[in-house]
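The numbers here are math on the coordinates, done by the rules we state, and not lab data. For clarity, every value in this text was computed on a predicted model and none was experimentally measured. Cβ coordinates were reconstructed from backbone atoms using ideal geometry, including for glycine residues, and neighbour counts include every protein chain displayed.
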Amino acid sequence: MCMNPIVVVISGLQTEDKKIFMGSIVPRFPLIVFILFNFLDNIHAGVTSSFIRSEWPSDDMPLDNDAFAVPNGYNAPEQVHITQGDYNGKAIIITWVTPDEPGSNQVKYGKEEKNYDFTAEGTVKSYTFYNYTSGFIHECLIDDLEYDSTYYYEVGEGESARSFWFQTPPKIGPNVPYKFGIIGDLGQTYNSRSTLNHYVESGAQAVLHVGDLSYADKYEYDDMGVRWDTYGRFAERIQAYNPWISTAGNHEIEYMPYMDEVVPFKQYLYRYPTPYAASESSSPLWYAVRRASAHIIVLSSYSPFVKYTPQYKWLKAEFKKVNRWKTPWLIVIMHVPIYSSNSAHYMEGESMRAAFESWFVKYKVDVVFAGHVHAYERSHRISNIEYDVTGGVSYPVPDKSAPIYITVGDGGNQEGLASSFNDPQPDYSAFREASYGHSTLELINKTHAFYHWNRNDDGKKVATDSFVLRNQYWKKRKLEENDLHAITPTPELDAY
Ligand SMILES: *[C@@H]1O[C@H](CO)[C@@H](O)[C@H](O)[C@H]1NC(C)=O
Ligand SMILES: *[C@@H]1O[C@H](CO)[C@@H](O)[C@H](O)[C@H]1NC(C)=O
Ligand SMILES: [Fe+2]
């Protein structure tokens, strides 16, 4: 790796020797490390940010907080949210909860506000979790939508009806611009609220949620269900308008034998449907969607993924379906990071790395987003696929075909920040900081995307880590790009 770092360490040194020399009354100054670095071939020494966020309580907002307000009216729909409903972005799944009775399953929708040309009929269900009984959870698929259009929709009945809108993505295509927001480990604290406020400011069009949604599992008995409901009302102001493409985290597992609740992901799966069948997946926990110029693969860190498991077989087949001529951007989301140098959850992603990393490199995945670690970190393009226990270097090496790994588990849940990074910073780590925030990925055309990590900075949005993401597949295909014969390189893929 070409690196030319100049490292300057300025510190309130507090070694044992110095303490004795200066006397024991010297206060313990924090070690402040400034790293100055040179850029060389886009690869530079890692940065551990010296930003220290001021403390904000990481408590959940109380039940009577206005973020959790129940909408007015008898049986008024609440917790409205949408997600992509098909493979290509022409369908949407709308879900909502009615508290008092099932009521109507109908969604009215159309291109004009309050003047709906269409209706669609959904389904309703409810569940119990120990001594909690959910409201009536409605789910409705709306398909055959037109691309690149604004639709208005209404759920609920009479005086209690509520209306929202969403925008369909443009038709799949190589140079179709689109802006994703990436949020992880959100929870329902004041910091979570700040993250959502900043997401709105960043102007993204859809959310990739890398898992750990409500943190309802921090509660017991019926309070768990209650906190799924408050989370749904809290996130509605964005989830009802921008589709959220989610993966499940460990806080969604909710394996609770003491309450006789042993079916993993029960509450999550009742509340957050996914369009898994559209990508021929056999489970709502892993699936893929295509949106604008992106092919997004959603993996489940807590479902079997080793060789011969359904997720493994599905992923193998899904990678073959990726058509970079139609969707040049290949994005993977999962909960547990594969590369993280934070002490929290260190090495937990190793088993998935062993299973899937060689495919990520082979298929030139552009970027892998994960959460789980409550901090921000970005890697260089590195891989560690040569090592096989008896041979190869057991350390990641620079690899231009490898994805960039980004951990953005800093949405702001009640567990607070993971502020302890391994020291020294490993070569593979490009930037790391323990602050709350979210990322945006703005796809410009098939070769360029703009990436930002936005630190909440306790109230004001500050763009902190940003770079131009170059598409690894198209970077090397400048010649073929102008070669008419190469326009359909893989005819069998054209069906996708
Ligand atoms: C549920 O069970 C818990 C623990 O036994 C109890 O404290 C709570 O009041 C119960 N709630 C309901 C709605 O029955
Ligand atoms: C793609 O976008 C980048 C960044 O805006 C620009 O520099 C480049 O010229 C664009 N490429 C094409 C083929 O338009
Ligand atoms: Fe997690």
Among 102-113, 304-315, how do they line up from the highest to the lowest mean number of other beta-carbon atoms within 10 Å? 102-113, 304-315
Which listed residue (255, 216, 355) has the Cα farthest towards the positive end of the charge dipole for the stretch 173-493, taking +1 on Lys and Arg C-beta and -1 on Asp and Glu C-beta about the Cα centre? 355
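Relative to the present Cα-Cα distance, how much length would full extension add between residue 362 and residue 450 at 0.36 nm per residue of separation? Before the final figure, lay out each step's value.
Working: separation 88, 0.36 × 88 = 31.68 nm, distance 2.35 nm.
Full-extension gain reported as 29.3 nm.
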Here, residue 150 and residue 259, labelled 7 Å along Cα→Cβ, have an inter-label distance in nm of 4.1 nm
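Go ahead and run the numbers for FRET between residue 400 and residue 308, Cβ-Cβ distance against an R0 of 35 Å, rounding to 0.05. Mind showing how you got there, number by number?
Numbers: r = 31 Å, r/R0 = 0.89.
The formula returns an efficiency of 0.65 here.
What is the magnitude of the charge dipole of the stretch 102-228 about its Cα centre, with +1 placed on the Cβ of each Lys and Arg, -1 on the Cβ of each Asp and Glu, and no other charges, expressed in debye to the nearest 20? Display every interim value, and only then the final one.
Numbers: 10 positive and 19 negative charges, 56 e Å.
The calculated dipole for the stretch 102-228 is roughly 260 debye.
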If you keep only loop residues by DSSP, which GluC sites (Glu not before Pro) in the stretch 346-420 have at most 15 other Cβ atoms within 10 Å of their Cβ? 386
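What does the charge count around residue 265 come to, taking other residues whose C-beta lies under 9 Å from its C-beta (Lys +1, Arg +1, Asp -1, Glu -1)? Each step should come with its number before you reach the end.
Numbers: positive: 266; negative: 252, 254.
Once all neighbours under 9 Å are counted, the net charge is -1.
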Which pairs, out of 320/400; 90/326; 125/326; 326/475; 111/321; 266/446, put more than 27 Å between their alpha-carbon atoms? 125/326; 111/321; 266/446
Stretch gain in nm, segment residue 350-residue 388, where the contour uses 0.36 nm per residue and the Cα spacing is subtracted: 12.3 nm
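From the Cα gyration tensor of the stretch 173-493, with a ≥ b ≥ c the square roots of its eigenvalues, which class applies: rounded if a/c is under 1.5, or else prolate if a/b is larger than b/c, or else oblate? Walk me through the numbers on the way to the answer.
Working: a/c = 1.39, a/b = 1.37, b/c = 1.02.
Judged from the Cα gyration tensor, the stretch 173-493 comes out rounded (a/c under 1.5).
Based only on the alpha carbon positions, what is the Kirkwood hydrodynamic radius of the stretch 154-287, in angstrom? Please list the in-between numbers first.
On the way: mean 1/r = 0.0605 Å⁻¹.
In the stretch 154-287 this quantity evaluates to 16.5 Å.
If packing is taken as the average count of other Cβ atoms within 10 Å, what order do 444-456, 325-337 fall into, highest mean first?
Values: 444-456: 20.1, 325-337: 25.0.
Descending packing order for the listed peptides: 325-337, 444-456.
Of the GluC sites (Glu not before Pro) in the stretch 145-235, which ones lie in a loop per DSSP and count no more than 13 other C-beta atoms within 10 Å? Before the final figure, lay out the partial values.
Values: sites: 146, 154, 157, 159, 201, 220; in loops: 146, 157, 220.
Taking the stretch 145-235 and a limit of 13 other Cβ atoms within 10 Å, the loop GluC sites (Glu not before Pro) found are 146, 220.
Which FRET efficiency value, to the nearest 0.05, is calculated for residue 163 and residue 66 with the Förster distance at 22 angstrom and r the Cβ-Cβ distance?
Working: r = 21 Å, r/R0 = 0.94.
So the FRET efficiency works out to roughly 0.60.
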Determine the dipole magnitude for the stretch 307-366: charges of +1 sit on the beta-carbon of Lys and Arg, -1 on that of Asp and Glu, nothing else is charged, the reference point is the Cα centre, and the result goes in debye to the nearest 20. 480 debye
What is the gain in length, in nm to one decimal, between residue 101 and residue 127 on full extension, counting 0.36 nm per residue of separation less the C-alpha to C-alpha distance? 8.0 nm
